[in-house]
Every structure is written in C-alpha cells, then in structure tokens.
Amino acid sequence: MTALSALMLRDMRLAVRIGGGAVIGVLFFLIVVTLVPFAIGPDLALLGRIGPSILWLGALLANLLALDRLIAMDHEDGSLDLMLTARVPLELALAAKALAHWLSTGLPLIVATPLLALLLNLDARATGAVALTLLAGTPALTFIGLIGAALTVALRRGGLLLAILILPLTVPVLIFGVAAANAAIAGAMPFAAPFTILCALTLASLVVGPFAAAAALRHGLE
Amino acid sequence: MPMTTTSLIDLANPSRFLALVNRLSSWLAAATVLAFAVGVFGVYLAPDDYQQGATVKIMFIHVPAAWLGLFAWVLMSIAALGTLVWRHPLADVAAKAAAPLGAAFTLMCLITGSLWGRPMWGTYWVWDARLTSELVLFLMYLGVIALWQTIDEPTRAARIVAVLTLVGAVNIPIIKFSVDWWNTLHQPASVLRVGGSTIHPTILMPLIAMLVAFTLLFLTLHLAAMRNEIMRRRIRSLLMLQASATAGA
C-alpha cells in the first residue's frame with residue numbers, strides 16, 4: 001500500500017469514528033437547516049424559493065466546522081512532523097488528507113441533501129440541482145479550508161480565526177454554487193455558465209490549496 | 001561613511017532604513033500637504049455634473065480611497081514575496097504597516113461610495129460585483145490584521161501572513177475587472193481602460209491630482225508606521241533580553 005493511500009485510509013477511519021468529523025458534520029448540517037425555518041417562518045413557498053441557498057449555507061458552515069481537525073490533530077499527536085520529513089512531497093500528503101476529509105465529511109453532506117431538501121419543500125429537480133452543485137463545489141470548500149487549517153495550525157484557539165480567514169475566499173464558491181442551483185431550477189439563466197465556473201473554482205483550489213497549505217506549514221512551523 | 005546611493009539591500013539594515021525615513025518623512029509630509037492643496041483647489045475649480053450637481057465631488061475622495069485600498073494589498077503581496085522568496089528583513093515590517101492603512105482606505109471607499117449611492121442610486125448598498133468584491137477585500141484585510149495579532153513571534157507571523165496575502169491577491173484583478181465581467185450598478189471603468197480615459201480633462205485632472213495627493217499621504221503614513229513597527233520590535237527584543245537576564249541571574 002502506498003504512503004498516500006495509507007494516509008487517506010487513516011484519515012477516513014479516524015473521521016468516521018464517534019467524535020470524528022463525518023457524523024458531527026451531518027448533524028450540524030441538519031441543525032442549521034432546521035434552524036432556518038424557525039427564523040424565517042414556515043412559509044413553504046418562501047422556503048422553496050430560498051431552499052438551495054439554505055442548503056449551500058448549511059453545507060459551507062458544516063464544512064467549516066470540521067476543518068480545524070484537519071491538520072491540528074496531526075500537529076498535536078506528532079504525525080505532522082512525520083509528514084513534513086517524509087519522502088512523499090508535503091503537497092501531495094496534504095492533498096491526500098484533504099481528499100480523505102472531503103470523502104468522509106463532504107460526501108455525507110451531499111448524501112443528506114435529499115432528506116433536508118424535503119424539509120425545505122424542494123421538488124426533485126431542485127434537489128438534484130442542489131446536490132449536483134454541492135458535489136461540484138464542496139471539494140473547493142475543503143481545499144480552500146486546507147489553506148486556513150495550515151495557517152492556523154499552531155494556534156491554540158485557531159478555530160474562529162480559521163473561519164474569518166477562509167470565509168472571504170469561499171464567497172465565490174458560494175455565489176456560483178447557488179447561482180448554478182437556481183439556474184437549473186428556474187431555467188431563466190443558462191446553467192452551464194455558473195456550473196462550469198464552479199467546476200473551475202474546484203479545479204483551481206485542488207492545485208492552489210495544497211501548495212499554499214504546504215508553504216504555510218513549512219514557513220509557519222519552523 | 002558617506003553613501004552615494006542607497007540600494008534596496010542597504011535598506012535591509014533597520015538602522016539605515018530608519019535614518020532614511022527620518023530624513024524623508026518631513027519632506028514627504030510637506031509634499032503631501034502641497035499636493036492636497038493643489039488637489040483641493042482643482043476640485044474646487046472642477047465643474048458640477050449636469051445631473052448629480054456638486055455631489056459628484058465625492059468621487060474625488062472615493063476613487064483615490066479605492067485605488068489605495070487595492071494598492072496597499074498589491075504592496076503587501078510584493079512584501080510577501082520579499083519575505084518568502086528573498087528573505088528581505090524589512091519586507092514583513094512593510095506588510096504589517098500597510099495592512100491597517102489598506103483597511104482604512106477600503107473602509108473609506110465603502111463609506112463614501114455608500115453615501116454617494118444614496119442620492120444617486122437611491123440605495124446605500126447593492127450586492128453587485130464591484131461592491132461585493134470590495135467588501136470581501138475589507139474582510140480579508142481584517143483577517144490579515146487578526147492573524148498578525150494572533151501569532152506572537154514576529155518572523156513566524158510574517159511568513160504565515162505572507163502566504164495568506166498571496167492567496168488573497170487573487171481578489172485584486174477580480175475587483176478591477178468586476179465591472180467588465182458582470183452587469184453591475186457601479187459604473188464601468190472610465191480611467192484605466194483600453195482606449196484611454198473617458199473622463200473630460202476638467203474632471204480628470206483634479207482626480208489625478210487627488211490620486212497623487214492620497215498616494216503621498218499613504219507613503220508618508222506607511223513609512224511612519226514602518227518606523228513605529230521597527231521601534232516596537234526593538235522594545236520587544238529589549239524586554240525579552242531583560243526577562244531572560246532576570247531569569248538567568
């Protein structure tokens with residue numbers, strides 16, 4: 001088994017345990033989506049219209065919640081030092097970790113989307129649109145979050161600062177994700193334009209994220 | 001030792017840099033005041049807009065503030081490269097000094113724009129591409145300042161903030177081209193654009209004058225802030241020396 005796949009399997013096993021990010025992420029997603037109708041009111045028509053936005057916001061916040069476990073836990077137990085000095089390039093190791101994080105924390109959010117879409121009065125077409133855009137966009141959230149996790153790794157209470165640093169960078173993903181979902185539902189605007197930009201953002205973050213995070217780790221932990 | 005030229009590498013020595021700043025700062029301040037006098041006089045002479053009346057003159061504060069908000073981030077990005085790539089000792093001092101200034105000018109841009117938008121567009125705020133990306137820039141400035149405050153050791157903080165600055169530099173072209181790429185309520189580019197400016201010289205000249213004045217103001221404040229930061233680090237070093245001397249004794 002190669003080092004990268006071993007790293008990915010380790011991260012995924014840790015995440016799905018009790019106290020790991022996977023279950024907590026989905027629960028937080030559920031709670032956020034449940035809170036919004038309490039705040040807005042039970043008007044189903046309104047909820048159906050803003051449903052994609054609520055789901056996207058919930059996915060973004062749930063992703064944010066699980067991010068500070070990504071690197072900080074390895075820093076605490078010393079495995080980050082092993083990764084820094086290993087023969088596997090740090091960029092690849094971080095990319096593998098982020099991929100494992102997305103598989104264990106991001107994918108469950110997408111799987112939970114149809115159930116939560118029921119709560120928000122979204123029909124099948126809308127649910128499919130939101131799930132597709134989340135599938136295309138949540139890797140971007142994870143890989144951009146990787147940068148923030150690397151920047152705040154050595155800070156003791158870095159969680160909130162991580163959110164402050166990351167959220168401005170995730171704004172384009174949110175904008176185009178919701179735009180693509182709404183375009184697929186309403187059909188008034190072409191779906192391809194925001195969706196391809198969303199995919200472009202994900203692909204760009206797959207490259208920029210690991211390199212920026214590796215630079216942050218190398219410079220920040222000396 | 002007499003110096004005929006001062007190159008960038010000579011300025012890596014903080015003491016030489018402080019000597020240069022002390023020599024320059026009063027000249028820069030005087031030049032700033034003079035430039036503002038010229039600029040304000042030009043603004044006074046500039047004609048009122050036929051539709052907007054005299055309120056168009058908010059532009060003479062709004063546009064320089066916006067320009068300096070972007071300029072400060074570009075300066076921070078170059079300083080970040082100086083820290084990470086060339087290991088210039090004063091690059092991080094430049095970056096740390098520029099962050100609050102950039103944030104202040106971006107906030108000024110947002111506030112003056114909002115006050116201008118109320119009579120012109122009928123609203124204090126609209127979520128179009130230019131205003132949204134400018135607001136995101138302001139949030140990124142706050143994030144950078146927060147990161148500076150959170151990490152104790154200055155050189156480590158410098159490197160981490162440098163990475164964040166370079167990642168955030170992607171927002172600068174987005175802001176600049178947002179009025180071209182999207183349908184915005186904010187007007188399209190009229191100064192820096194292909195085909196030259198579309199503004200009449202009677203308004204363009206005072207605008208350039210105010211731009212120069214504001215840039216001189218930024219430089220004056222920036223050099224003063226760099227001097228303060230160098231002093232702050234010297235105090236910190238002295239305090240740590242004193243603490244370790246007491247502990248060792």
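Couple of notes before you dig in:
- Helical runs assigned H by DSSP (4 residues or longer) give chain B a calculated mean residue ellipticity at 222 nm of -26500 deg cm²/dmol, each run adding -39500 (n - 2.57) before division by the residue total.
- Residues B:Trp73, B:Trp27 arranged by fewest to most Cβ contacts within 10 Å: B:Trp27, B:Trp73
- Protection proxy ranking of B:117-129, A:203-215 - average other beta-carbon atoms within 10 Å, highest first: A:203-215, B:117-129
- For the protein assembly as shown: rounded, prolate or oblate by the Cα gyration tensor [a/c cutoff 1.5]: oblate
- Rounded to the nearest 20 debye, dipole of segment A:67-222 from Cβ charges on Lys, Arg, Asp, Glu: 180 debye
- Aspartates and glutamates with Cα under 13 Å of B:Lys176, excluding same-chain neighbours fewer than 8 positions away: B:Glu134
- Distant-in-sequence amide H partners of B:Asp49 (H built 1.01 Å from N, under 5 Å): B:Val56
- Residues considered: A:Ala184, A:Ala192, A:Ala140. Largest GNM mean-square fluctuation over chain A, using C-alpha springs under 10 Å, is found at A:Ala192.
- Proximal aspartates and glutamates relative to B:Lys96, as straight alpha-carbon distance under 12 Å, when same-chain residues fewer than 8 apart are discounted: B:Glu229
- Chain A: most fluctuating residue of A:Leu146, A:Leu46, A:Leu132 per GNM, C-alpha cutoff 10 Å: A:Leu46
- Point-to-point label distance, A:Thr196-A:Arg13, nm (Cα→Cβ direction, 7 Å offset): 4.4 nm
- Ascending count of other beta-carbon atoms within 10 Å, so fewest first, for B:Phe105, B:Phe36: B:Phe36, B:Phe105
- GNM flexibility winner over chain B from B:Gly39, B:Gly102, B:Gly196 (Cα, springs under 10 Å): B:Gly196
Here, each number is a calculation from the coordinates, and none is a lab measurement. Everything quoted here is computed from the prediction, not taken from an experiment. In this analysis, Cβ positions are derived from the backbone assuming ideal geometry, glycine residues included, and neighbour counts consider all displayed protein chains.
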